[in-house]
Amino acid sequence: MTRLLIVSNRLPISIRVDHGALCLTRSSGGLAAAMRGPHERMCAVWIGWPGSVAGLTPEQRQDADAALAGIRAVPVHLGATEQHRFYDGFSNGVLWPLFHYLLDKVNLDAELDWEAYQRVNERFADIVADQYKPGDVIWVHDYQLMLLPALLRRRLPGARIGFFLHVPFPSADVFRILPWREQIVRGLLGADLLGFHTAGFRRNFAASAAHVLGLDPDEAAIEHDGRRVALGVHPISIDAAEIARLAAHPGVREEAARIRAEAGGRKIVLGIDRLDYTKGIPRRLLAIERFLEREPELRDQVRFIQLAVPTREMAGAYAEFRRVVHEMVGRINGQHGTTYATPIHYMHRSVPFEQVVALYLAADVMLVTPLRDGMNLVAKEYVAARIDHDGALILSEFAGAASELAEAISVNPYDIGSVAAAVKRALTLPLAEQQTRMAALRRRVDAHDVHRWSQSFLDDLDRAAAPALEAAALSAQAARREVPESVVERVRQAPQRVWILDYDGTLVPFAPVPDLAAPDEELLALLRALSERDRVHVVSGRPRADIERWFGALPLHLHAEHGFWSRPRSCDDWVPLESDAAAWKGDVRALLEDFTRRTPGSFIEEKTVTLAWHYRTADPELAGEHVRALRARLAERVSADRLELLGGAKVVEIRPRGVHKGRVVPLILDDVSARAEVIAIGDDRTDEDIFAALPPTACTIHVGGNDQSRAVYRLPDARAVRRLLRSIHA
Ligand code: GDG
């Protein structure tokens, strides 16, 4: 069975010392709850921080290590300062508020925190790589470890790596604020699959990658560094059956009855959250105050219960926030309390999960009003606990859960008046409507539970990683196929040599602007020297004018526009491959002009036979949208006119089908002796047509990274190509 390595900031078990004794406690929170199932079912290994071990005696530390090993947990120990900078400083002081759109909370001076974030991600990478065995699947979780996928990819090129983000991914305009945005995107793109809660978060990430790295994502994937990274939508969920079982348990029901009795016949409106500023507690309290002011006759008929679970107590922003919330509760209770009742029943602590479920059971109305939330499991848990199909859920439209739980009463948490109105509406919702809404909600939560979530993520990861594994195998093969010295010697000794050379990326490295890639003196001298003894063909996709300008004076055979134009050495005139290959251009040009008008920064490049639409300098999001629309518009023309569409780096090229570099091969080989050595060198997809058209005896060489090629040999870059040419000529 495939082994799973789960990697998250915290282990599901935390170590602490209480009155000198070692305590192991279950970590709470959505992530820990969600991954417990796969951890047990798949005999997975869980790698993460176990809490501080600083106060442990050596014996206690040994005991702790043994206990962790017993539950297949591997600790990543961190020093106190490092942990503080990595966790409180960068993860929760920069990324957490930024990703939740709370920009005023973003820690401004975070250079040292960023350094710790990098170091800790490296530490995780070392430990994961240490644990890894070929065939394992690695699943990395959340915003604390966003550099980890790329760090692992470097250490384990062939591994299957998935990453799931539990928090929102913000819009590109917000994400771009981050000074380290590029490193974060690159870090994530080391994975085979990136999972998000909602289609919106996925869209935001794709747009950010487009902006920050100039990539060209489509709906469900991004090509980067010769790899394809899949982007998935995987809304996390809960163990609905387990919660329903607890909700039916007599002990839990008794507890719920006690809570109701305690409320003395009042209806219960419940909030359960970590005491985090993203959860919208202060605005919720103001909405409750507004409700109390507006509805004096209901005032005595409602009890608000707020369970605020302590969280991130070491971070500065949280201590201040806690003070603000406690003061607000005090003020509202002071103002609206009576001799007999206090409107807000506030608890600042954590309670056992059975107690949480009892609260869900007791609550007539559940108030879930985060300002932003990745998903919010409390909303789903409330639904799962309502086994009698009644109750009302008020849900913020800014929680990820809102895109699944459409039958909840939706509110804008920033609009205090409308939240107060929603509370009234929920309290007076007729039972039949409660039941209709709750039945629909329950069906959805039951069908998409946490088991299905983890399984579907792992299935998608398998699918996403399959081509990458193949590519890794191919590139490993490729690395072994550098041109051997015996072949170099054979070519050197050949009575006749014919070179077929691509230009951009083969003889010169790529330049940011095409016009800057003109040949240098060294190259011109090399080609001149080579052509004294050999036949040298340059076969390029560039326009005739470029090739003529650069090489016209040399005794070379020239082929431009993918071989549509050729200039044999002895003759000055360029001859076309076909006479009427451009009849289709009028309409297509008009269409491209329309798209160019609507996409500022884009432009059309016209060659004799092809039309190209470049959008490198356009807004990436708008261009991405328009590329898809353009392709759809061209689809019909393409089949009717025997055209083909080529997608390149920020360019869509349209050309007649059948005009490709391979077409020049018969012309080149026409009067070549059978004993001649033919050497073809090229770096991109268009050169594959040359390799395909050559006889198997030809020496074909692909230039560049780890992409697939049918060429027999490889060279890493243009410099290596020149070295080879020089060594043959010498
Ligand atoms: C992050 C994202 C995303 C609460 N009080 C107690 C207690 N809880 C449990 C709840 C629930 C969990 O904690 C809270 O999960 P949330 O999803 O509401 O929120 P975050 O902790 O912020 O989680 C969030 C989640 O990751 C998963 O991807 O949904 O958007 O922010 O399960 O029941 N549990 C116990 N005692 C308590 O007092 N035992």
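The values are calculated or read from the model by the stated rules, or taken from the named source; none is laboratory data. The structure presented is a predicted model; accordingly, all values stated were derived computationally and were not measured. Ideal geometry is used to build each Cβ from the backbone, glycine not excepted, and the neighbour counts take in all protein chains shown. Surface areas here come from the heavy atoms of the whole protein model, side chains and all, with no ligands, DNA or RNA. Shrake-Rupley method; radii C 1.70, N 1.55, O 1.52, S 1.80 Å.
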>> Suppose all protein chains stay in the model; what accessible area per residue would a 1.4 Å probe give for region 680-723, in Å²?
In response: 44 Å²
> Does region 243-448 classify as rounded, prolate or oblate by the C-alpha gyration tensor (a ≥ b ≥ c root eigenvalues; a/c under 1.5 gives rounded; else a/b over b/c gives prolate, otherwise oblate)?
Replying inline: rounded
> Taking the simple approach of a point 7 Å from Cα along Cα-to-Cβ for both Arg154 and Arg258, what is their distance in nm?
Replying inline: 5.5 nm
>> Given a Förster distance of 60 Å, report the FRET efficiency between Leu645 and Thr428 from their Cβ-Cβ distance, rounded to the nearest 0.05.
In response: 0.50
> For region 377-478, what D do you get in µm² per second when you plug the Kirkwood radius from alpha-carbon pairs into Stokes-Einstein at 20 °C and 1.002 mPa s?
Replying inline: 132 µm²/s
>> Tell me the per residue accessible area of region 593-650 using a 1.4 Å probe; a whole number in Å² is fine.
In response: 53 Å²
> To the nearest 0.05, how large is the calculated FRET efficiency for Arg228 and Arg26 if R₀ is 35 Å and r is the Cβ-Cβ distance?
Replying inline: 0.40
>> Show me, for region 270-286, the HN-Hα J-couplings you get by feeding each phi into the Karplus relation (A = 6.51, B = -1.76, C = 1.60, θ = phi - 60°), rounded to Hz, glycine and proline as x.
In response: 10, x, 10, 8, 5, 6, 10, 5, 7, 7, x, 5, x, 5, 5, 5, 5
> Between Arg633 and Glu578, what FRET efficiency follows from the Cβ-Cβ distance if R0 is 22 Å, with the result rounded to 0.05?
Replying inline: 0.30
> Under a point-charge model restricted to the Cβ atoms of Lys and Arg (+1) and Asp and Glu (-1), what is the dipole moment magnitude of the chain relative to its Cα centre, in debye to the nearest 20?
Replying inline: 840 debye
>> Can you tell me what percent of all Cα-Cα pairs in region 161-302 are more than 22 Å apart?
In response: 60 percent
> For the pair Ala199 and Arg443, how long in nm is the line joining their label points, each one 7 Å along Cα→Cβ?
Replying inline: 2.0 nm
>> With every protein chain left in place and a probe of 1.4 Å, what is the accessible surface of Tyr101, to the nearest 10 Å²?
In response: 70 Å²
>> Are there any chymotrypsin sites (Phe, Trp or Tyr not before Pro) in region 371-427 that are in a DSSP loop and have at most 10 other Cβ atoms within 10 Å? List them by number.
In response: none
>> Taking every DSSP beta bridge with both residues inside the chain, roughly what % is antiparallel (nearest 5)?
In response: 30 percent
>> Tell me whether the chain comes out rounded, prolate or oblate; compute the Cα gyration tensor, take square roots of the eigenvalues as a ≥ b ≥ c, and use a/c under 1.5 as the rounded threshold.
In response: prolate
> Taking all protein chains as present, what is the carbon and sulfur share of the accessible area of the chain, in % to the nearest whole number, probe 1.4 Å?
Replying inline: 52 percent
> Long-range amide H contacts for Gln306: which residues qualify at under 5 Å (H placed 1.01 Å from N, peptide plane, sequence gap of 5 or more or a different chain)?
Replying inline: Gly271, His345, Tyr346, Met347
> Quick one: length gained pulling Met42 to Ala525 fully straight, 0.36 nm per residue minus the C-alpha distance?
Replying inline: 167.5 nm
>> Quick one: 3J(HN,Hα) in Hz for region 157-173, Karplus 6.51/-1.76/1.60 with θ = phi - 60°, rounded, Gly and Pro as x.
In response: x, x, 6, 8, 10, x, 9, 10, 9, 8, 10, x, 9, x, 5, 4, 5
>> Take His249 and Asn412, extend 7 Å from each Cα along the Cα→Cβ direction, and tell me the distance between the two endpoints in nm.
In response: 4.2 nm
>> I'd like the accessible area for Arg598: 1.4 Å probe, protein heavy atoms, all chains in place, Å² to the nearest 10.
In response: 100 Å²
> Does region 585-656 come out rounded, prolate or oblate by the C-alpha gyration tensor, with a ≥ b ≥ c the root eigenvalues, rounded set by a/c under 1.5 and, if not, prolate when a/b is larger than b/c and oblate if not?
Replying inline: prolate
> Within straight cross-link reach of Lys650, meaning Cα distance under 14 Å, which aspartates and glutamates are found once same-chain residues fewer than 8 apart are removed?
Replying inline: Asp216, Asp218, Glu223, Glu605, Asp619, Glu621, Glu625
>> Below 11 angstrom from the Cβ of Tyr277, what's the summed charge of the other residues (Lys, Arg +1; Asp, Glu -1)?
In response: +3
>> Please list, by residue number, everything in region 700-730 whose backbone N is under 14 Å from a paramagnetic label point 7 Å out along Cα→Cβ of Ser486.
In response: none
>> Expected output is a single nm value to one decimal: the length gained when fully extending between Ala67 and Thr697, i.e. 0.36 nm times separation in residues minus the C-alpha distance. What is it?
In response: 220.4 nm
>> Can you compute the helix-only [θ] at 222 nm over the chain? Use -39500 (n - 2.57) per DSSP H run of at least 4 residues, normalise by all residues, nearest 500 deg cm²/dmol.
In response: -13500 deg cm²/dmol
>> Tell me the Kirkwood radius of region 4-233: reciprocal of the mean inverse pair distance over distinct alpha-carbon atoms, in Å.
In response: 18.2 Å
> Considering only protein heavy atoms, what per residue accessible area in square angstrom results for region 384-459 with a 1.4 angstrom probe?
Replying inline: 40 Å²
